[in-house]
Amino acid sequence: MISHAQLNRWLVLQRENDPGFAQFRQAARTTIAAMAAPLAVWYAQHWQPALSGIAPLSVAFLTGMLMIMTTYGETRRIQKQSFILAGGAGLLMVLLEKAVHHSYLLEVSVFMLVSFVVFYIRRFGMRYTGISIYAMTIFLMSTVMNTHAHAWPGLVGGVSIGIGVTYIVNFYLLPDRPLKRFLDSIPPFLRKSSQVLEYLEALLQGATTPAETKRLMHDALQDLQLTVLVSENLLGNLRIDTHAGRAPFRKCALAQYRVSSTLLIIGDHLQHAMNHHGLPHPVIQTQAKQVLQDIRLLLVHLADHADDATDWPDTDGRLRHQLDDLTALLESSETQDTFHLFYLLRTVFALRGVLDALGELQQNWNEARRQL
Amino acid sequence: MKPQPTTRQAIQMMTAVGVIYLLAWRFPIQRSYWAIITVMSVLCQTWGESIQKAGRRIAATLLGLVAGTLLYSLLHAWPEAITLLLALMVFLTSYYMTRAYTQAVFWMSIMLVLLFGLMNAFSFQVVIERAYETMIGAVVAVTVAATVFPTRSKGRMNDYRGRYLNLLMTTYDELMSHFLDPDRPPPPKRDAELIRGLDDLRTAYDAMRREMIFYRRSARRRQRWFILLENIQFNLVCLGAVREEINAAGIMRPVRDECRQIQQQIHANFVTIIKVMNTQRLPEKLALQKLDDLEETLRKRLAPFIRAGKENCHACVGMLPVFYYSLKINTALLAIADDINERWN
């Protein structure tokens, strides 16, 4: 049996990989639409005999499964437009197939032409990719299912009901919430950032070699950069029409960039200093380790309190004080090589930069939460 | 004339559909639409990506069909259970579609078997047809991708690489000009652009690895390039992150000329490499300018300032990233030049 701890670990992993369970919700939306559409067709058979048979049920199921991917667009209005465009293309494909069904050669030629057109229109933007896949699949299914001359009204009915049901599921029953999705992507980012600091702590303790840390850091930082990029891409899907409304979200994304690039600097300088000059003086080492640990805990704290607007923790003042002490310690240190001192001082500056960026992120995050 | 990528892909798709219909006319292929759907899914922008996706599609379909058949054999007496399982498969297919293609195809194949079972159309013949028609579709897609206006990931990687080098050079020049002349308006932040460009390169590189069996040596060289470009990008992101700090400290007068020289030399190095990339003509020996002497001069000039007092020391520390990251960027450029020279030899 699966233990409670295993289940918990799995849930944490899912939450990290799928911030705000956005993909989970998308899959749920698809499932409901794909199951409800044929059910609606089956129910409508009582009034409309043309809908009886396997063909209308199948195209309704396909419409429910595929139409979800056609809702591409920045705003809800554009998403609806894409959706309606795809639905129209689907219906057009059924009618086109009906028109050419009498001749196999003509049907094949038209399908070849259709396959050219639907791939070609992708050049006009991402929204046409989903539309083209849906339209082509419906044409293909119509060639298979339109086995007798009077099957097409059933196909048109199946596609229409499928479009209607998917529209309701997609825009009213389980609407997408990109704003929340964006905010939900921040805690995984913070956890990944804390992971980077953990590697640096181990390096400073001498628990790992600079070469080993370099490898670990490379992967962690690459992952962090991609997380920020995904987060930024999400901004493109925000359903806010006014520019002012976007400001805190935009600032959150910028603050994330700042955190990630400052962590990059800290990692780089610390590795450089350790590579060329070995471990720093034990006093500096202890103090620096403490600061890294405190910032890491701060990141985890912010990630854990993602669901409610929190005040910037009191630890900030203490942390800044620690950083001042560390700077003073480094400046008074005479035994260090001049350029070694440079790198360590820059590391401290960068740590201060992380704190500043985190403060900015927290402030805008709170503001963004209020706008939800 | 070279057609646009979308035009090329559209022609490839049209050709593949024609080939499948021709095969269906000549040989007993019952459900040619399965092969066409496979082509739709497998045909990618480059040959390498198509090979990669075709392999995944075939493996996941075969496994899914076996699992689906087993499940249906166990549950065929309970249509309610099959319906519930079908809903679960729809969910899993959709959940994994954008994140793990292989898994999505696996769940989709099970879903298909259950769907046929629910429609009382299940038979081993159907399962076998699905398997071999998927294979036909995958083979046709890969063949068409390799023969009709083929685009190799190698070529795409070259395009991306050239464009990315240009972006790196522009970003570096903008930042350095801003540091040397703080009165100029600040340059745009290019972090997202840099990360996105690198991500495109990474995708092209991953796809190229599938083509590696055909030109293994060349692929290894491109891997080295990728790591070096990533290195430059990391350093530029760092330099951009501290630009306010550098501007606050200002470039100290005694080393301003050296800074300008560093910028000019790195710019020249970028231009030389981009020129070689664009013309695809290798000079007898590509020699880039090193910055070792400048680094030594800078160290000597800055040392007295650090000892002179706290304020000067802070100004030096504020400026340090300019030299540090510039030197690292140049080291990566020198490594790229070494690589080009190695190819020449």
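The values are calculated or read from the model by the stated rules, or taken from the named source; none is laboratory data. Note that the structure is a prediction, hence the values are computed from the model and not measured. Virtual Cβ from ideal backbone geometry, glycine too; neighbours counted across all protein chains shown.
Please verify whether the stretch B:62-84 includes one or more residues that are part of a loop (DSSP other than H, G, I, E, B) and within 11 Å of chain A (Cβ to nearest Cβ). Show your work before the answer.
As a first pass, look at the stretch B:62-84 and keep what is part of a loop (DSSP other than H, G, I, E, B): B:76-78.
If we keep only those that are within 11 Å of chain A (Cβ to nearest Cβ) as well, we get none.
No, that holds for no residue.
Filter the stretch B:147-172 down to the residues that are surrounded by fewer than 18 Cβ atoms within 10 Å (Cβ to Cβ) and under 24 Å from B:Met14 (Cα atoms), then identify the one that is modelled with the lowest pLDDT.
B:Gly155
Give A:Val169, A:Val159, A:Val165 a once-over and let me know the one that is more than 30 Å from A:Ala99 (Cα to Cα) and surrounded by 20 or more Cβ atoms within 10 Å (Cβ to Cβ).
Working: A:Val159 fails: more than 30 Å from A:Ala99 (Cα to Cα); A:Val165 fails: more than 30 Å from A:Ala99 (Cα to Cα).
Among A:Val169, A:Val159, A:Val165, only A:Val169 is more than 30 Å from A:Ala99 (Cα to Cα) and surrounded by 20 or more Cβ atoms within 10 Å (Cβ to Cβ).
Considering only the stretch B:12-35, how many residues are of a type outside the set (A, V, I, L, M, F, W, C), more than 30 Å from the chain's Cα centre (by Cα) and closer than 16 Å to A:Glu107 by Cα?
Of the residues in that region, 5 qualify.
Report, by residue number, each residue of the stretch B:99-126 that is of a type in the set (Phe, Trp, Tyr), more than 13 Å from chain A (Cβ to nearest Cβ) and more than 21 Å from A:Ile54 (Cβ to Cβ).
Let us first name the residues in the stretch B:99-126 that are of a type in the set (Phe, Trp, Tyr), namely B:101, B:106-107, B:116, B:122, B:124.
Narrowing the set further to residues that are more than 13 Å from chain A (Cβ to nearest Cβ) leaves B:101, B:106, B:122, B:124.
Across the stretch B:99-126, the qualifying residues are B:Tyr101, B:Phe106.
State whether the residues of the stretch B:91-98 include one that is in a helix (DSSP H, G or I) and more than 13 Å from chain A (Cβ to nearest Cβ). Give the derivation first.
Let us first name the residues in the stretch B:91-98 that are in a helix (DSSP H, G or I), namely B:91-97.
Now drop any that are not more than 13 Å from chain A (Cβ to nearest Cβ), which leaves none.
Within the stretch B:91-98, not a single residue is in a helix (DSSP H, G or I) and more than 13 Å from chain A (Cβ to nearest Cβ).
Quickly run through the stretch B:76-87 and pick out the residues that are farther than 11 Å from A:Thr30 by Cα and either in contact with a Ser or Thr (Cβ under 9 Å, 6 or more places away or on another chain) or not small (Gly, Ala, Ser) (or both).
Quick first cut of the stretch B:76-87, residues farther than 11 Å from A:Thr30 by Cα only: B:76-86.
Within the stretch B:76-87, B:His76, B:Trp78, B:Pro79, B:Glu80, B:Ile82, B:Thr83, B:Leu84, B:Leu85, B:Leu86 meet the criteria.
Tell me which of these A:His102 doesn't satisfy, since it passes every other one: (1) surrounded by fewer than 21 Cβ atoms within 10 Å (Cβ to Cβ); (2) part of a helix (DSSP H, G or I).
Answer for A:His102: the failing condition is (2).
Rundown of residues vs (1) touching a residue at least 24 places away in the same chain (Cβ under 8 Å); (2) within 18 Å of A:Tyr167 (Cα to Cα), yes/no style:
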{"site": "A:Leu11", "(1), (2)": "no, no"}
{"site": "A:Ala27", "(1), (2)": "no, yes"}
{"site": "A:Ala40", "(1), (2)": "yes, yes"}
{"site": "A:Pro49", "(1), (2)": "no, no"}
{"site": "A:Ala60", "(1), (2)": "yes, yes"}
{"site": "A:Arg76", "(1), (2)": "yes, yes"}
{"site": "A:Gln81", "(1), (2)": "no, yes"}
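Given (1) at pLDDT below 90; (2) part of a helix (DSSP H, G or I); (3) not hydrophobic (A, V, I, L, M, F, W, C), identify the lone condition not met by A:Thr147.
(2)
Yes or no: A:Arg181 closer than 22 Å to A:Arg246 by Cα and in a helix (DSSP H, G or I)? Before the answer, list the steps.
Values: closer than 22 Å to A:Arg246 by Cα: yes; in a helix (DSSP H, G or I): yes.
Yes, satisfied.
Which residues, counting only those in the stretch A:242-282, are in a loop (DSSP other than H, G, I, E, B) and either closer than 22 Å to A:Leu355 by Cα or not aliphatic (A, V, I, L, M) (or both)? Lay out the reasoning, then the answer.
Looking only at the stretch A:242-282, we keep the residues that are in a loop (DSSP other than H, G, I, E, B), and these are A:242, A:278-281.
The answer is A:Thr242, A:Gly278, A:Pro280, A:His281.
Across the stretch A:99-126, what is the number of residues that are over 36 Å from the mean Cα position of the chain (by Cα) and of a type in the set (S, T, N, Q)?
Initially, the stretch A:99-126 is screened for residues over 36 Å from the mean Cα position of the chain (by Cα), giving A:99-110.
Add one more test, that the residue is of a type in the set (S, T, N, Q), and what stays is A:103, A:109.
Going through the stretch A:99-126 one residue at a time, the tally reaches 2.
Considering (1) more than 29 Å from B:Ile11 (Cα to Cα); (2) buried (at least 23 other Cβ atoms within 10 Å of the Cβ); (3) in contact (Cβ under 8 Å) with a residue 24 or more places away in the chain; (4) of a type outside the set (Asp, Glu), say which one B:His76 fails and leave the rest.
(2)
I'd like the full set of residues that are in a helix (DSSP H, G or I), in contact (Cβ under 8 Å) with a residue 40 or more places away in the chain and either surrounded by fewer than 19 Cβ atoms within 10 Å (Cβ to Cβ) or facing chain A (nearest Cβ under 9 Å) (or both), limited to the stretch B:20-31.
Let us first name the residues in the stretch B:20-31 that are in a helix (DSSP H, G or I), namely B:20-26.
Still in the running and in contact (Cβ under 8 Å) with a residue 40 or more places away in the chain: B:20, B:23.
Correct list: B:Leu23 only.
For the stretch A:119-126, indicate whether the set of residues that are crowded, with 20+ Cβ neighbours inside 10 Å, at pLDDT 90 or above, within 8 Å of chain B (Cβ to nearest Cβ) and in a helix (DSSP H, G or I) is non-empty.
The answer is no, given that none of the residues of the stretch A:119-126 is crowded, with 20+ Cβ neighbours inside 10 Å, at pLDDT 90 or above, within 8 Å of chain B (Cβ to nearest Cβ) and in a helix (DSSP H, G or I).
Step by step: first the residues of the stretch A:250-296, then only those that are closer than 21 Å to A:Ser194 by Cβ and basic (Lys, Arg), then the one that is nearest to the other protein chains (Cβ to nearest Cβ). Which residue is that?
Pass one, the stretch A:250-296, residues closer than 21 Å to A:Ser194 by Cβ: A:252-271, A:274, A:285-296.
Keeping just the survivors that are basic (Lys, Arg) gives A:258, A:289, A:296.
Numbers: A:Arg258: 7, A:Lys289: 21, A:Arg296: 20 Å.
Ranking the qualifying residues of the stretch A:250-296, first place goes to A:Arg258.
Scan the helices (runs of 4 or more DSSP H) fully inside the stretch A:1-98 and keep the ones with 1 or more residues being within 14 Å of chain B (Cβ to nearest Cβ), modelled with pLDDT under 85 and within 27 Å of the chain's Cα centre (by Cα).
Working: elements: A:4-17, A:22-44, A:54-66.
In the stretch A:1-98, the matching helices (runs of 4 or more DSSP H) lie at A:4-17, A:22-44.
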